[in-house]
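Enquirer: Please read through the structure below; I'll follow up with questions.
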Amino acid sequence: EANVAAFIRYQREQLDRASTFSDQWQRTIWQNPGLDYTLQRPVSTLGKRAWIDNRRREVDRTMATLSRRYGIFYFYAQACAACEVFGPILKSLAERHRFNVVAVSMDGGPNRTFPDHVVDAGQHERMGLSSRATPALVLFDTIAKRPMVIGTGILSADEIQERIFALTNTNVGSDF
């Protein structure tokens, strides 16, 4: 019993120290806004909503001009159930933002959403994809002739847009 009581007293001392540290931390941030990370990336409900709304406007403005420079390679397989779900999502996004999409069949089969497909003749490897997982998207910079892998698997239109925005308009480490 004595050991347990000593442990509880010790634990209480540590909790008091942690509380004091936490209180001082918060007061320091309030008085030094340059130290407050939440000014860059809000965590409050209201602040987060404002940040998200602003980001969405920024992404929409950017997406409106990117199709002049970028195209999308869409790697799929006829036997891929996820590709059947994903194809219409990609087509809708591509039409809305006027992206050219090159649908590339990994198994030679057709695609209902992109009937003007081509069969993979090395494009997959040249685009930097190491996995044969489908669906897979690659953003292609037609000026720099550089592929940028967007992702693999079913992605929502918002996820695709956010990834394209990050790949084309942010520096690594600047947007987290």
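Enquirer: Which of rounded, prolate or oblate describes the chain when judged by the alpha-carbon gyration tensor and an a/c cut-off of 1.5? Spell out each step's value before the answer.
Expert: On the way: a/c = 3.34, a/b = 2.12, b/c = 1.57.
Prolate, since a/c reaches 1.5 and a/b exceeds b/c.
Enquirer: Give the accessible surface of the stretch 1-97 per residue, rounded to a whole number of Å², with probe radius 1.4 Å and ligands, DNA and RNA excluded.
Expert: Details: 7060 Å² over 97 residues.
Dividing the accessible area of the stretch 1-97 by its residue count gives 73 Å².
Enquirer: Leaving ligands and nucleic acids out of the surface, order LEU155, LEU35, LEU46 by accessible area at 1.4 Å, largest first. If you can, show how the numbers build up before the last one.
Expert: On the way: LEU155 5, LEU35 110, LEU46 140 Å².
Reading off the accessible areas and sorting them downward yields LEU46, LEU35, LEU155.
Enquirer: If you don't mind, another one. With a Förster radius of 41 Å, plug the Cβ-Cβ distance of ALA5 and LEU35 into 1/(1 + (r/R0)^6) and report the FRET value to the nearest 0.05.
Expert: 0.55
Enquirer: To continue, here is another question. Which whole-number percent gives the relative contact order of the stretch 1-159, counting Cα pairs below 8 Å spaced six or more residues apart? Don't jump to the answer; show the numbers that get you there.
Expert: On the way: 178 pairs, mean separation 32.0, N = 159.
So the answer I get is 20 percent.
Enquirer: In debye to the nearest 20, how big a dipole does the chain give about its Cα centre with +1 on each Lys and Arg Cβ and -1 on each Asp and Glu Cβ?
Expert: On the way: 22 positive and 19 negative charges, 99 e Å.
Magnitude of the dipole: close to 480 debye.
Enquirer: Follow-up. Computing the accessible area with a 1.4 Å probe over protein heavy atoms, can you report the carbon and sulfur percentage for the chain? Kindly include the intermediate steps, with their values, before the conclusion.
Expert: On the way: 6220 of 11540 Å².
Roughly 54 percent, rounded to a whole number.
Enquirer: Give me the accessible area of ARG9, 1.4 Å probe, in Å² rounded to the nearest 10.
Expert: The value for ARG9 is about 140 Å².
Enquirer: Next question. For the stretch 1-98, which GluC sites (Glu not before Pro) are in a loop by DSSP, counting at most 11 other Cβ atoms within 10 Å? Could the numbers behind the result be given before it?
Expert: Working: sites: GLU1, GLU13, GLU58, GLU84, GLU95; in loops: GLU1.
Answer in residue order: GLU1.
Enquirer: Right, here's the next one. Tell me the net charge near CYS83. Cut-off is 15 Å between Cβ atoms, CYS83 excluded, with +1 for each Lys or Arg and -1 for each Asp or Glu.
Expert: On the way: positive: LYS91, ARG112, ARG132; negative: GLU84, ASP107, ASP120.
So the environment of CYS83 carries a net charge of 0.
Enquirer: Around ARG98, under 15 Å between beta carbons, what's the net of Lys plus Arg minus Asp minus Glu among the other residues? Spell out each step's value before the answer.
Expert: Working: positive: ARG61, ARG68, ARG69, LYS91, ARG96; negative: ASP60, GLU95.
In short, +3.
Enquirer: Still on this structure: Measure nothing fancy, just the Cα-based angle from helix 45-66's long axis to the longest principal axis of the chain, in degrees from 0 to 90, nearest 10.
Expert: On a 0 to 90 degree scale, this one is about 20.
Enquirer: Please figure out what share of the DSSP beta bridges in the chain is antiparallel and state it in percent, rounded to the nearest 5.
Expert: Working: 12 of 19 bridges.
Percentage antiparallel, nearest 5: 65.
Enquirer: How large is the helix-only mean residue ellipticity at 222 nm for the chain, computed as the sum of -39500 (n - 2.57) over DSSP H runs with n ≥ 4, divided by its residue count, in deg cm²/dmol to the nearest 500?
Expert: Numbers: 5 runs with 86 residues, N = 176.
Estimated from H runs of four or more residues: -16500 deg cm²/dmol.
Enquirer: A follow-up question, please. What is the Cα centroid distance between the stretch 149-164 and the stretch 2-30, reported in whole angstrom?
Expert: Here the answer is 44 Å between Cα centres.
The values are calculated or read from the model by the stated rules, or taken from the named source; none is laboratory data. Here the structure is a predicted model, which means the values were calculated and not measured. Heads up, the Cβs are rebuilt from the backbone with ideal geometry, glycines too, and the neighbour counts pull from every protein chain shown. For accessibility, only protein heavy atoms count, side chains too; no ligands or nucleic acids. Shrake-Rupley method; radii C 1.70, N 1.55, O 1.52, S 1.80 Å.
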